[in-house]
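The values are calculated or read from the model by the stated rules, or taken from the named source; none is laboratory data. All values derive from a computational prediction rather than experimental measurement. Note: ideal-geometry Cβ built from the backbone for every residue, glycine included; neighbour counts use all protein chains shown. When the accessible area is computed, the model is the full protein with side chains, heavy atoms only, and any ligands, DNA or RNA have been set aside. Shrake-Rupley method; radii C 1.70, N 1.55, O 1.52, S 1.80 Å.
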Amino acid sequence: MGEVTAYIDSNKNCFHLVLAAILKRKGIHPDYAWNQAGLYYEDLGDEWKLTPYFESVDNCLHGVQVRSESFSTSDHLIERLDALLTPERTVVVGVDIYELPYCLYYQEKHAPHSIEILRREDGNYQICDHFFQFIDPLSRSDLKKALDSYEQHCLLKTNLHYLQLSEREWKLPDLADAMTVMKKNCAMMEGVLLEGMEPLGSGIYGFQVIDHLMHRLDTMLSMEEVVAKEIMEEMYCNLKEISHSRDNYGAFLKRMGLEELISPIEEAGQCWKAAANMLLRAKVAGNHEGMKPRIFKRLERVKEQERLVVEQIGNYLAVTGK
Amino acid sequence: MGQCTPLDITPYVNNRGVTQADVDHQIGFITTGGCSLPFEEIPIEAGLIIEGVPFQFSYTDEGDNIELEGQILRFSPVTARKIHILGVSTNGNFFDRIQFLSEERLIHTDRLALTNFIEREPFFPKNRVALQFTYMNTRVGPRNSLHPILWHTALDFEKERSFDTIILEDNPSMHIFAITFEGGGDH
């Protein structure tokens, strides 16, 4: 492995940034991996699940698998980490930013985060935090604290991920793969699960999510502003992730030579991002009631664009798929 | 190049995007995090000329830029082949619709695209650097490690068009600092 640099891409979250960096180092352009642009919402009472994703990121990378493992203790994870690290293989681990000494939020804020462990070095770990653009050693004890805090405060199971690449089977996605991706994305938006697609839970899929989302936002923005702040942050992150998924879907189609299809996808991504930023603005500046109609108007445009995306891709599939 | 006419955006400014370090840096609000551009590095009074196109800035108690909120900009009729805009996006790279009307009638719709002010390279191909700053003001003071950029973009109508109204979208992540119309005739 040559010199490692932080992978920068404003359309990826911290976990996806690490996977993208690893793929790129293996000579696979990350645009091939991020192509899912569905919509799923599940009302869980005070909480919710809202995601554009429905499969693993390796869905159409033949011969590449993202392996994930969970552990009951951080000691078990570290033991496994030491066994996995080789000059060719790095590992992604989930940590709590609260215990990362180099982080802006050290000892201030608990939040789940992903970092790449590059190698062991003098009893420490050489890490790359792509999100915060930090490449330096992290002591074994700090890593253990960050892993323990991840489970204790972020309420997530200690986990690691790594890439398994089979040189023999390795193949970039072709047009048939791209068409499968498009079919799945359209099906997700129309609320249909195609054969082989696993349900994500008992929630709802596709266009109808947007109406439920508007209802949720209506409730959220009618709450006392101080109380609403924390959940607004989470909703902002969800909306931003959906916008990323549309931008990445567009980048995937462009890489597959289907640039003529991406205009409404880009528009949809922009509308989601604009809605996310409006919500963030309401959180910071207040005046929730004033921002409500503006967010709703933008979400109406989202609906319009998402329908255009499915219509246009559907037309393409109808003609090309014959 | 045709004759250029800067538009006075003063009636529409609604956001504080330019502040002075250690004077009023805490009131900047070009981003939700409270960032702003350094006052002394923008020729507010003299204006700016880029590739022969003059721009006029505005600086009032109400602000110094238009944060897009669906404003309708009305002015005396102009005939222009191009419209030049100085602006930025924040917290992402944004494009949105911009509509041109003449006597209440829609005559042209275009896409206004502005790169994030913290990007080092233009995200949108039509964007060029208008000004790159030596530092950025934040809520807690100036930060020398950040070098924001004010972007220049031009929308080309391909032929002369007359209009008296511009309609902007509601997109508070986009900010316009100056607008200049360029006519079709040579000068």
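Put a plus charge on the Cβ of each Lys and Arg, a minus charge on the Cβ of each Asp and Glu, and nothing anywhere else: the dipole of region A:175-320 about its Cα centre is then about 320 debye. If R0 is taken as 22 Å, the Cβ-Cβ distance between A:Q133 and B:Q132 corresponds to a FRET efficiency of 0.60.
Taken one residue at a time, the phi angles of region A:297-308 give Karplus couplings (6.51, -1.76, 1.60, θ = phi - 60°) of 4, 5, 5, 5, 5, 4, 4, 4, 5, 5, 5, 4 Hz. Gly and Pro are set to x. Rolling a 1.4 Å probe over the protein heavy atoms leaves A:Y105 with an accessible area of roughly 80 Å².
Between A:S72 and A:N315, the simple spin-label model (points 7 angstrom out along Cα→Cβ) gives 5.8 nm.
Summed over the residues of region A:1-67 and divided among them, the accessible surface reaches 41 Å² per residue at a probe radius of 1.4 Å.
Considering only protein heavy atoms, with the full assembly of protein chains and a 1.4 angstrom probe, order A:V319, A:V95 by accessible area, largest first. Spell out each step's value before the answer.
Working: A:V319 110, A:V95 0 Å².
Ranking A:V319, A:V95 by accessible area, largest first, yields A:V319, A:V95.
Between B:V88, A:I28, A:H113, the Cα set farthest toward the positive side of the dipole of the protein assembly as shown (charges on each charged residue's Cβ, about the Cα centre) is that of A:I28.
The string of couplings for region A:94-99 from the Karplus curve (6.51, -1.76, 1.60, θ = phi - 60°) is x, 9, 9, 4, 4, 10 Hz, one whole number per residue in order, with x for Gly and Pro. Shape class of region A:145-198 from the alpha-carbon gyration tensor: oblate, with a/c at 1.5 or above and b/c at least as large as a/b.
For region A:47-128, what class follows from the C-alpha gyration tensor (a ≥ b ≥ c being the square roots of its eigenvalues): rounded when a/c is under 1.5, otherwise prolate if a/b is larger than b/c, else oblate? Judged from the Cα gyration tensor, region A:47-128 comes out oblate (a/c at least 1.5, b/c at or above a/b). When nucleic acids and ligands are ignored and a 1.4 Å probe is applied, A:E234 ends up with an accessible area of around 80 Å².
Counting Cβ atoms of other protein chains within 10 Å of each Cβ in A:28-39 and taking the mean gives 0. Split the accessible area of region B:4-182 by element, probe 1.4 Å, and carbon with sulfur accounts for 49%. Residues of region A:269-292 that lose at least 20 Å² of accessible area (1.4 Å probe, protein heavy atoms only) when the other protein chains are present, relative to their chain alone, are A:Q270, A:K273, A:A274, A:N277, A:M278, A:L280, A:R281, A:V284.
Report, in debye and to the nearest 20, how large the dipole of chain A comes out about its Cα centre when Lys and Arg carry +1 and Asp and Glu carry -1 on their Cβ. Each step should come with its number before you reach the end.
Numbers: 36 positive and 50 negative charges, 132 e Å.
My answer is approximately 640 debye.
Below 15 angstrom from the Cβ of B:I42, what's the summed charge of the other residues (Lys, Arg +1; Asp, Glu -1)? Walk me through the numbers before you get to the answer.
Values: positive: B:R16; negative: B:D24, B:E40, B:E41, B:E45, B:D64.
Overall, the nearby charge balance is -4.
Would you kindly give the portion of the calculated P(r) for region A:1-107 that falls above 24 Å, as a percent of all Cα pairs?
Values: 2266 of 5671 pairs.
That tail contains 40 percent of the Cα-Cα pairs.
The calculated 222 nm mean residue ellipticity attributable to helices in the protein assembly as shown amounts to -10500 deg cm²/dmol, summing -39500 (n - 2.57) over DSSP H runs of n ≥ 4 and dividing by all residues. Computed 3J(HN,Hα) for region A:115-129, one whole-Hz value per residue from the Karplus formula 6.51 cos²θ - 1.76 cosθ + 1.60 where θ = phi - 60°, is 10, 9, 8, 8, 6, 8, 8, 6, x, 10, 10, 7, 10, 10, 9, glycine and proline marked x.
Placing unit charges on the Cβ atoms only, positive for Lys and Arg and negative for Asp and Glu, gives region B:104-176 a dipole magnitude near 380 debye about its Cα centre. For region A:80-170, applying the loop criterion from DSSP together with a ceiling of 14 other beta carbons within 10 Å to the GluC sites (Glu not before Pro) yields A:E88, A:E108, A:E167, A:E169.
Relative contact order for chain A: what percent, with Cα pairs under 8 Å and sequence separation of 6 or more? Numbers along the way, then the final one.
Details: 518 pairs, mean separation 67.2, N = 322.
Rounded, it is 21 percent for chain A.
Per-peptide packing, taken as the mean over residues of other Cβ atoms within 10 Å, places A:37-43, A:143-149 in the sequence A:37-43, A:143-149 from highest down.
Averaging sequence separations of C-alpha pairs under 8 Å and six or more residues apart, then dividing by the length of chain B, give the relative contact order as a whole percent. Here the relative contact order equals 35 percent.
Restricting the calculation to Cα atoms, every distinct pair contributes to the Kirkwood radius of region A:175-320, found to be 16.2 Å.
Quick one: Debye curve from the C-alpha atoms of chain A, no solvent, what's log10 I(q)/I(0) at q = 0.09, 0.11, 0.13, 0.14 Å⁻¹? Debye curve over Cα of chain A, log10 I(q)/I(0) at q = 0.09, 0.11, 0.13, 0.14 Å⁻¹: -0.51, -0.76, -1.05, -1.19.
What FRET efficiency comes out for the pair A:S202/B:S102, r = Cβ-Cβ distance, R0 = 45 Å, nearest 0.05?
Details: r = 54 Å, r/R0 = 1.20.
My answer for the efficiency is 0.25.
With both labels modelled 7 Å from their Cα along Cα-to-Cβ, the A:L194 to A:Y105 distance reads 3.6 nm.
I want the local charge near A:D43. Using Cβ-Cβ distances under 13 Å, sum +1 for each Lys or Arg and -1 for each Asp or Glu among the other residues.
-2
From the alpha carbon centroid of region A:140-194 to that of region A:202-267 is 19 Å. The gain in end-to-end length when the A:N124 to A:K49 segment is fully stretched comes to 23.3 nm, 0.36 nm per residue minus the alpha carbon separation.
Summed over both chains, the contact between A and B buries some 1600 Å² of accessible surface at a probe radius of 1.4 Å.
Taking the inverse of the mean reciprocal distance over all distinct Cα pairs, the Kirkwood hydrodynamic radius of chain B comes to 16.6 Å.
Per residue, how much accessible area does chain B have with a 1.4 Å probe, in Å²?
Working: 8220 Å² over 187 residues.
On a per-residue basis, chain B sits at 44 Å².
For the pair B:K159 and B:I72, what calculated FRET efficiency results from E = 1/(1 + (r/R0)^6), where r is the Cβ-Cβ distance and R0 = 30 Å, to the nearest 0.05?
Values: r = 24 Å, r/R0 = 0.81.
So the FRET efficiency works out to roughly 0.80.
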